[in-house]
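In what follows, a single structure is set out as structure tokens and then discussed.
The values are calculated or read from the model by the stated rules, or taken from the named source; none is laboratory data. This structure is a prediction, so every number in the text was calculated from the model and none was measured. Cβ placement follows ideal geometry from the backbone for every residue including glycine, while neighbour counts extend to all protein chains displayed. For accessibility, only protein heavy atoms count, side chains too; no ligands or nucleic acids. Shrake-Rupley method; radii C 1.70, N 1.55, O 1.52, S 1.80 Å.
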Amino acid sequence: MNNCIGATNLKSFILFLAYTWIGSALALMIFGCNYFFCNKESCEFTGVLVQLVRIMTVICVGSLLFTSSMLMNITYGIMTGIGTIDRLKKKATNTMGHSVEEPISLEDVFGMNRNITWLLPTEPMLPDYDRVVGFSMPQRLLREGGD
């Protein structure tokens, strides 16, 4: 994800992927339950509805695969501290073992409060905003009297 997802947007991106994955899985479960377990005539798909269900199934499977891949990428990036492009460069130059990056703290992604707000799409309260984003805003430095 490297520069595509900023440090303060990572939580929102992870939640977006998780919500999409859950929605797709739920839709597939509903389609599957209706297809395999419902024997009433009112449950049968007819005409155009059959084609719509087939298209939705393909879309759900595709989004499940894509979001699963992205979630695994993000998880690996958080665990190793190495972004996707950096990882590919290190593999190409065979320098993966020489990495000095540290894992990213979950507090740097989801915020300091370990409660229900981790699951909600709210802005995280970062422990040290300047360290996480890698720079300080001039207005903040002036306000706090820092250097």
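Positive end of the charge dipole of the chain (Lys, Arg +1 and Asp, Glu -1 on Cβ, about the Cα centre): tell me which of Phe16, Pro124, Leu65 has its Cα farthest that way.
Projecting each Cα onto the dipole axis, the largest value belongs to Leu65.
Quickly rank 16-27, 90-101, 114-125 as a protection proxy: mean count of other C-beta atoms within 10 Å, highest first.
16-27, 114-125, 90-101
How many nm is it between the label spots at Val61 and Thr122, if each spot is 7 Å from the Cα in line with the beta carbon?
4.0
With each label point set 7 Å from Cα along the Cα-Cβ vector, what nm distance links Tyr129 and Glu101?
2.6
As I understand it, the value is the acute angle between the Cα axis of helix 10-37 and the longest principal axis of the Cα atoms of the chain; what does it come to in degrees, rounded to 10?
10
When the accessible area of the stretch 3-147 is computed with all protein chains present and a 1.4 Å probe, what percentage of it is carbon and sulfur?
65
Determine the dipole magnitude for the stretch 1-121: charges of +1 sit on the beta-carbon of Lys and Arg, -1 on that of Asp and Glu, nothing else is charged, the reference point is the Cα centre, and the result goes in debye to the nearest 20. Numbers along the way, then the final one.
Numbers: 8 positive and 7 negative charges, 42 e Å.
Using Cβ point charges on Lys, Arg, Asp and Glu, the stretch 1-121 gives about 200 debye.
Counting only heavy atoms of protein chains, what accessible area per residue, in Å², does the chain have with a probe of 1.4 Å?
Heavy-atom accessible area per residue stands at 72 Å².
As a check on your grasp of the helix formula, calculate [θ] at 222 nm for the chain: sum -39500 (n - 2.57) over DSSP H runs of n ≥ 4, divide by the residue count, round to the nearest 500.
-19000 deg cm²/dmol
Using the beta-carbon distance between Met29 and Tyr76 and R0 = 30 Å, what value does 1/(1 + (r/R0)^6) give for FRET efficiency, to the nearest 0.05?
So the FRET efficiency works out to roughly 0.65.
May I ask you to evaluate 6.51 cos²θ - 1.76 cosθ + 1.60, the Karplus curve with θ = phi - 60°, for each residue of the stretch 135-142 and list the ³J(HN,Hα) values in order in whole Hz, giving x for glycine and proline?
7, 10, 7, x, 4, 5, 4, 5
Starting from the Cα of Lys91, step 7 Å along the direction of its Cβ; do the same at Cys38; then give the gap between the two resulting points in nm.
Here the answer is 4.2 nm between the modelled labels.
Please work out which option in (1) 8.0; (2) 10.8; (3) 14.0 gives mean projected area of the Cα convex hull in nm² calculated from these coordinates, and answer with its label.
Recomputing mean projected area of the Cα convex hull in nm² here picks out (3).
Most fluctuating residue of Gly134, Gly111, Gly77 in a GNM of the chain with Cα springs under 10 Å: which is it?
Highest fluctuation among the options: Gly134.
Name the residue, out of Met56, Met112, Met137, whose mean-square fluctuation peaks in a Gaussian network model built on the chain with Cα pairs under 10 Å.
Largest GNM mean-square fluctuation: Met137.
Suppose R0 equals 25 Å; then what is the FRET efficiency for Asn9 and Arg143 from their Cβ-Cβ distance, rounded to the nearest 0.05?
The formula returns an efficiency of 0.60 here.
What do you reckon, how do Thr67, Thr75 stack up by accessible area (1.4 Å probe), largest on top?
Ranked list, largest accessible area first: Thr75, Thr67.
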